[in-house]
Every structure is written in structure tokens, then in C-alpha cells.
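The values are calculated or read from the model by the stated rules, or taken from the named source; none is laboratory data. What you see is a predicted model, and the numbers here were worked out from it, not measured in a lab. Note: ideal-geometry Cβ built from the backbone for every residue, glycine included; neighbour counts use all protein chains shown.
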Amino acid sequence: MEQNLLIYNTLTRQKELFKPLHEGRVGMYVCGPTVYGDAHLGHARPAITFDLLFRYLQKLGYKVRYVRNITDVGHLEHDADEGEDKIAKKARLEQLEPMEVAQYYTNRFHEAMDALNVLPPSIEPHATGHIIEQQQLVKEILANGFAYESNGSVYFDVEAYNQQHKYGILSGRSLENIKDASRELAGVGEKKNQADFALWKKAQPEHIMHWPSPWSEGFPGWHCECTAMGRKYLGEHFDIHGGGMDLVFPHHECEIAQAVASQGSQMVRYWLHNNMITIDGKKMGKSYNNFITLPQFFSGEHERLERPYSPMIIRFFILQAHYRSTVDFGNEALQASEKGLQRLMDGWNLLQKLTPAQQSTIEVGNIRQNCYDAMNDDLNSPIVISHLFDACRIINTVNDKKATLSAADLQELKEVFQLFAFDILGLKPEVGSSNEGREEAFGKVVDMLLEQRTIAKQNKDWATADKIRDNLAVLGFEVKDTKDGFSWKLNK
């Protein structure tokens, strides 16, 4: 069935009907991590948000080229005008090659993404592997009169650009506001204007990571890599560019300026940004020193964590909120997500055990289309989850023998669960936390004990029957008597 996807375009500040530039094909670029440390919860949110979009576009039938970069030069974390290269600093302290540090944390990032069931991108380019493309971008901007060389560095001339185009169209800032808010940075004496940003920086003697160029032995500015690599792999015009809301300014604003200054036109049609994850109302991030890494979430080894939280709990926690809303971290919120996830997995497991009846005595309704409608409304994953909970209520009602479902309706529920819970939301049962994994280990023993309890009840040996039930309850097993005998599940 044809679906009409509405997405919120940060550039126009409104929801727009998604129409790809090329029929049947979508080009999508998402800013990836800077690899000088373990990924934290703030990194998980864009990864899961754009994984959701990637999955959904594919389910709608599009062939998607998804590019997510790796920033493996530490200075690119901030504007290249100041600060020590973070990867170089770590390499110096640990007596490693800079690329050893970058590769180690790239591997760690991939492990965390695999645990979160985030699909790998189509292409994962590294900033250090595209120095030539970044230099070519700088040359084009210089040739078009929107940049200048100063003492071996090259800076983007924001004022010259603003005279012919408008700088600040994504963030809504005026050039005067940007000038007033600009920090006094190292290298200010080289600039015409404090708002100008580095396209290429001359390396100081102590700087480890540097490359030859027509201007100096140096390194590219932070903003160059995404513009250069996006154009290389997706062309001068592509559909979607995404990232966290903290990248709107200056990074994505500068990307727009670089693209227009180099090729004369906008490169990206739809700009999408996920909101932040906060702790006590403050953004979670390395610069605030309040972040919790994903390995710490999985192990529980952090002072703010009451216990470990599995990757699927983290994924469900993020999907329970709309991607454009702020989410505040807390143990209570994570534990509520754990219960919600378990409720879905219980519903899925029960669904596999239900037997069809001749006809349905409960209305399945339009759960499939309701889920599509929610996804089409700017990827409204919490509403999708609410419709899946509606499906769970139907499943529990049938399991309690209060209603029946036909074979066709049972199959419909299975297909809807598979499509939206697993294929699109990207959830999956976790061995060790789902009933499916535990039943495999304990099922035969529990069934044997409950059969003994059934025999005791038949013999009116109520004391033995109650003792078996109570002992199983202490161990976490919930037992229900049914018309056909019994059912049980293992609670957390």
C-alpha cells in the first residue's frame, strides 16, 4: 500500500511530504561520532533515530544509500581555531599512534551499535581518508571569492557570503547575532571577521596529525568533512542530512554555506535533527562531563546507575519518545521502559502459542494502518508503540479465554508485530531477559512441577498444590490456572 511520509524539515521549520530527488532512490547523510572515547547515550539517540528512518524508508520500497561518517581527527570535535587534537592528546598520553586510538574506539562504537541493533550504513567514510576531497572543496570556495588565506590557514569569509546569500538560514540567526556571540578564539588575528570559520588550519610543530596542502602543512576545518564526503558519495544534491540538534549551529549552518559557496546551490533538501538527552535538565555530553557511556549502561558500572540496562531497554527508552522531543535520563524512566519492553515481548511470545478459532469474537481493527499513520507522521515511534500495546491487550484477552481470533486475524497480528516491532522499530528479544530465552532453560522443569501440582489438585491435596505454586512464585514464576490446565511465565 502506498504511504505518504511527512517529515519535519529543520530548514523550513514545518512538516513536508517526503519526495526523493530520484524516483525509488534516497540519499541520506548522518553525522557520525568523533572516535576518541566510548559512545554515550547522547550518541545512541541519533544512531537509533536515523536507523528508524533508514529501516522505514527501505520498508516503503526505497533503495537507500545511507552515509554515516567517522570523525577520526580529534580537533574536528570543535572549531579548528583552538584546542589540542583530542585523538592526538590521547595518543601522546598513552604512547600510541593516533590511528590506533581512532581504530580502537571505532571498533568499540561498532560493538555498541551492534548491541543496539543499529543497522550498518551503506558507506562509512573516515575524515582522514578524504583529505584530498576536503582540499578540493576549499579550492572551489577560494576560487569563488568566499574564502581567504591568512598565514597558511584558510578561512570562510562569512560577510562576503552573506552579501550574496544568507548565512544563518538553518538556525535562524542573523550575522550580527553570530558576531556578538562569537568567542575570542586563538587565531582571531588571522581573521577578517570573528564569525569566520576555518576551512584549513596551518599545523603548529607539536600537532601530530597534519597533511601537505597548497597553503601549508595542516589539517581541514571541522565543517569540511561532511560537505566533501556527502558530495562525493551522494552527489551535489541529495535528499536528507541528519544529526543531533546541537549540530544545527555552527556545523550544519557552515555546511550549507560551504555547499552554496562551492557549487552555487543548496546541497540538501531535507534537514532532520533529533533532540537532546539530558541529565538533570542539562545536555548529556563529554563537554559537560555528565555522560554515561553505553558500555557503562550495559554493565551498570556508573554511580548514577542503579543496575545494568540491556541494549534493547536503551533502544526502547529512546523510541518511547518522539525524536524531536527532549528526553531526561533517570533510573525510573529506564525501569519503566524495561517493563514496557517486557510487556511487548510477553505479548509476542503469547501470540506464538495462541490457537486459531473458527471466527474472531474480538475486533483486531486497523492496527497495521494505525502504525503506518504514526510512522508517516514524522516517525512518531511512541504512537506506534501504543498501537502495539493495543495488540497486546487483544492477545492477553484471547489468552485468558475471554475472546477468540480466527486464523486470518492471528496471522495479521503476527505480521504487524514482525513488521513494526522488529523490522521497523528494530527491537529484538534478548536472551536472558525475554521469556523465550528463559523458557528454553527452565521450561521442562517447571512443566514437570506443575504437572505434579495438577495431580495433587486432582487428589485434593491442596497443601502440596499450594506449596508448589508458592515455591515457584518465590523463584519468580507466575502460575495461572486455565480451562486447559495451566500457564506460567517468569517475571523479572
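I'm trying to understand the selection: among the residues of segment 450-492, which are closer than 30 Å to P308 by Cβ and either out of contact with any strand residue (DSSP E or B) (no Cβ under 6 Å at 6 or more places or on another chain) or buried (at least 16 other Cβ atoms within 10 Å of the Cβ) (or both)? Scanning segment 450-492 gives D470, N471, L472, A473, V474, L475, F477, V479, W488, K489, L490, K492. Residue count for segment 160-173, restricted to those that are farther than 13 Å from Q266 by Cα and touching a helix residue (DSSP H, G or I) at 6+ places or on another chain (Cβ under 7 Å): 5. If you go through segment 1-22 and pick out every residue that is assigned to a loop (DSSP other than H, G, I, E, B), modelled with pLDDT of 95 or more and not polar (S, T, N, Q), you end up with 7. In the set (1) crowded, with 22+ Cβ neighbours inside 10 Å; (2) closer than 21 Å to I277 by Cβ; (3) of a type in the set (D, E); (4) modelled with pLDDT under 80, the condition left unmet by D51 is number (4). Residues of segment 15-67 that are in contact with a Ser or Thr (Cβ under 6 Å, 6 or more places away or on another chain) and either in the same structural domain as V327 (by TED's automatic domain parsing) or among the β-branched types (V, I, T) (or both): T34, V35. Could you grab me the full set of residues in segment 370-399 that are closer than 15 Å to L5 by Cα and touching a residue at least 40 places away in the same chain (Cβ under 8 Å)? Selection gives C371, Y372, M375, N376, D377, D378, L379, N380, S381, V384. Within segment 45-68, the set of residues being part of a helix (DSSP H, G or I) and either aliphatic (A, V, I, L, M) or closer than 19 Å to G32 by Cβ (or both) comprises R45, P46, A47, I48, T49, F50, D51, L52, L53, F54, R55, L57.
Entry remark, segment 189-210: residues being over 21 Å from H251 (Cα atoms) and either of a type in the set (S, T, N, Q) or at pLDDT 95 or above (or both) number 1 in total. Quick one: in segment 234-289, which of the residues that are β-branched (V, I, T) and over 29 Å from Q135 (Cβ atoms) is modelled with the lowest pLDDT? Per the stated criteria, the residue is I279.
Of the residues making up segment 285-323, just one is closer than 25 Å to D246 by Cα, in contact with a Phe, Trp or Tyr (Cβ under 9 Å, 6 or more places away or on another chain) and surrounded by fewer than 16 Cβ atoms within 10 Å (Cβ to Cβ), namely R304. Given the structure, is T106 in a helix (DSSP H, G or I), modelled with pLDDT of 95 or more and among the polar types (S, T, N, Q)? No: the conditions fail for T106. Taking segment 379-418 as the range and being hydroxyl-bearing (S, T, Y), surrounded by fewer than 20 Cβ atoms within 10 Å (Cβ to Cβ) and within 29 Å of the chain's Cα centre (by Cα) as the test, only S386 passes. The set of residues in segment 233-254 that are of a type outside the set (G, A, S) and touching a Leu at 6+ places or on another chain (Cβ under 9 Å) comprises H237, F238, D239, I240, H241, V248, F249, H252, E253. Every condition in (1) at pLDDT below 80; (2) outside any strand (DSSP E or B) holds for A456 except the one numbered (1). Selection over segment 355-365 of residues that are touching a residue at least 40 places away in the same chain (Cβ under 8 Å) and either in the same structural domain as T482 (by TED's automatic domain parsing) or under 34 Å from the mean Cα position of the chain (by Cα) (or both) gives a count of 1.
Whether a residue is outside any helix (DSSP H, G or I), under 30 Å from E478 (Cβ atoms) and not aliphatic (A, V, I, L, M) was assessed, and E301 does not pass this test.
For segment 327-343, the count of residues that are under 15 Å from L52 (Cβ atoms) and either without any contact (Cβ under 8 Å) to a residue 24 or more places away in the chain or polar (S, T, N, Q) (or both) is zero. Can you confirm whether S265 is part of a loop (DSSP other than H, G, I, E, B), of a type outside the set (K, R) and assigned by TED's automatic domain parsing to the domain that holds W200? Yes, satisfied. Look at (1) at positive phi; (2) modelled with pLDDT of 95 or more and you find that G83 fails only one, number (2).
Quick grid of which residues meet (1) in contact with a Pro (Cβ under 6 Å, 6 or more places away or on another chain); (2) surrounded by fewer than 19 Cβ atoms within 10 Å (Cβ to Cβ); (3) among the hydrophobic types (A, V, I, L, M, F, W, C):
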site	(1), (2), (3)
C254	no, no, yes
Q258	no, no, no
N274	yes, no, no
K283	no, yes, no
S325	no, yes, no
G330	no, yes, no
